[in-house]
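Trainee: Below you will find the structure I want to go over with you.
The values are calculated or read from the model by the stated rules, or taken from the named source; none is laboratory data. Remember, predicted model here, so these are calculated numbers, not experimental data. Glycine gets a Cβ as well: all are built from the backbone with ideal geometry, and neighbour counts include every protein chain shown. For the accessible areas, the whole protein counts, side chains as well, though only heavy atoms, and no ligand, DNA or RNA atoms are used. Shrake-Rupley method; radii C 1.70, N 1.55, O 1.52, S 1.80 Å.
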Amino acid sequence: PPTEGNYPFTAKIVDLPDSVAADADKIESTPILVMTRDKQAKFIVIDLDHTVVASSFSRVLTFGAKPMPRAKEVLERLEKDLDYNTIYLTHRPGLMTRKSKDWLVENGFPQGPLLAAELSDIPNNEGYKADQIAKLKEAYPNTRIGVGDKIGDARAYIRNDLATFLLPHLKEGADAKDMYELAKEIEDLPAHEDLYVVDDWREIEVAIFNEVRFPTITYVRRLRQRADEQAAREDRDDDDDDDDDDDDD
């Protein structure tokens, strides 16, 4: 390439030998992005599901996925004001890459490579992401920030000494036990000077641009308080069920 920049290409079938099935020419063209940067360029590594996508990948497949509030705006600000480049690193299998790329483009997210897993990587989210980031840092030592929703994401970022932003995700209908378990997993993360446990992208923005800390202990205390309140509700519901059973008797 003549200079740094983003070089979009399109791969498409233009001719087929007679021996190939006739319907092969119906395969859609595929966009390919070649990104060239100086070795000292700064990078932020971003997960997809429950990080920039406000749901799991199943919603992307059914065209119902919405962006996480302020995710796009914060990434654009990082690009404009601090010269960061975005790399999307997902544990989704590679066969989902086209849908993932299309969703990012349709929702206006900054251009950047999307790295997806092989099927053999699926059982090991942390190991896969840690290895990918290590390779990135060999090529681009200023890969500095990682954002994700899973404990494995945070561990992978910490292993590579990135400023780590964890957006913990609780499944819909989570009970007190789920909350206590998540609190313990967050508490057990390796100590790291730049570990931030946050509720949303607004807090990520404040942490980066205003140097505000969001320590693990603060989030864990709030989550345990929430779990205590949920446990009390569950106990009351159990008592109500017992009373209803007594009335039936």
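Trainee: I'd like the per residue volume of the convex hull spanned by the Cα atoms of the chain, given in cubic angstrom.
Mentor: Details: hull volume 46.9 nm³, N = 249.
Cα convex hull per residue, to the nearest whole number: 188 Å³.
Trainee: Could you derive backbone 3J(HN,Hα) for the stretch 228-234 from the dihedral phi with the Karplus parameters 6.51, -1.76 and 1.60 (θ = phi - 60°), listing whole Hz in sequence and x where the residue is Gly or Pro?
Mentor: 4, 5, 5, 4, 5, 5, 5
Trainee: Using a 1.4 angstrom probe and counting only protein chains, how large is the accessible area of Ile46 in Å², to 10?
Mentor: 0 Å²
Trainee: A further question follows. Report the relative contact order of the chain, percent, no decimals, based on alpha-carbon pairs under 8 angstrom and at least 6 residues apart.
Mentor: Computed value for the chain: 16 percent relative contact order.
Trainee: Run the accessible area of the chain with a 1.4 Å probe and give the carbon-and-sulfur part as a rounded percent.
Mentor: Working: 6800 of 14270 Å².
Roughly 48 percent of what the probe reaches on the chain is carbon or sulfur.
Trainee: Assuming R0 = 45 Å, what is the FRET efficiency of Gln40 and Asp199, from their Cβ-Cβ distance, to the nearest 0.05?
Mentor: Numbers: r = 33 Å, r/R0 = 0.73.
After rounding to 0.05, the efficiency reads 0.85.
Trainee: Determine how large the accessible area of Leu182 is when every protein chain is in place; take a 1.4 Å probe and give Å² rounded to the nearest 10.
Mentor: 20 Å²
Trainee: Can you give me the accessible area per residue for the stretch 69-159, using a 1.4 Å probe, in Å²?
Mentor: Details: 4240 Å² over 91 residues.
That works out to 47 Å² per residue.
Trainee: Can I ask one more? Using only the alpha-carbon atoms, how far is helix 71-82 inclined from the longest principal axis of the chain? Give it as 0 to 90 degrees, nearest 10.
Mentor: That works out to roughly 60 degrees.
Trainee: Out of residues 5 or more away from Asn85 or on other chains, whose amide H comes under 5 Å of its own, with H placed 1.01 Å from N in the peptide plane?
Mentor: Under 5 Å from the amide H of Asn85 lie the amide H atoms of Lys42, Phe43, Ile44, each far enough along the sequence or on another chain.
Trainee: Ignoring the sites themselves, what is the longest stretch of the chain with no GluC sites (Glu not before Pro) in a DSSP loop and at most 15 other beta-carbon atoms within 10 Å?
Mentor: Numbers: sites that count: Glu4, Glu28, Glu118, Glu172, Glu193, Glu211.
Longest stretch, sites excluded: 29-117.
Trainee: Now for a different question. How far apart, in nm, are two points set 7 Å out from the Cα along the Cα-to-Cβ line at Ile32 and at Asp175?
Mentor: 5.1 nm
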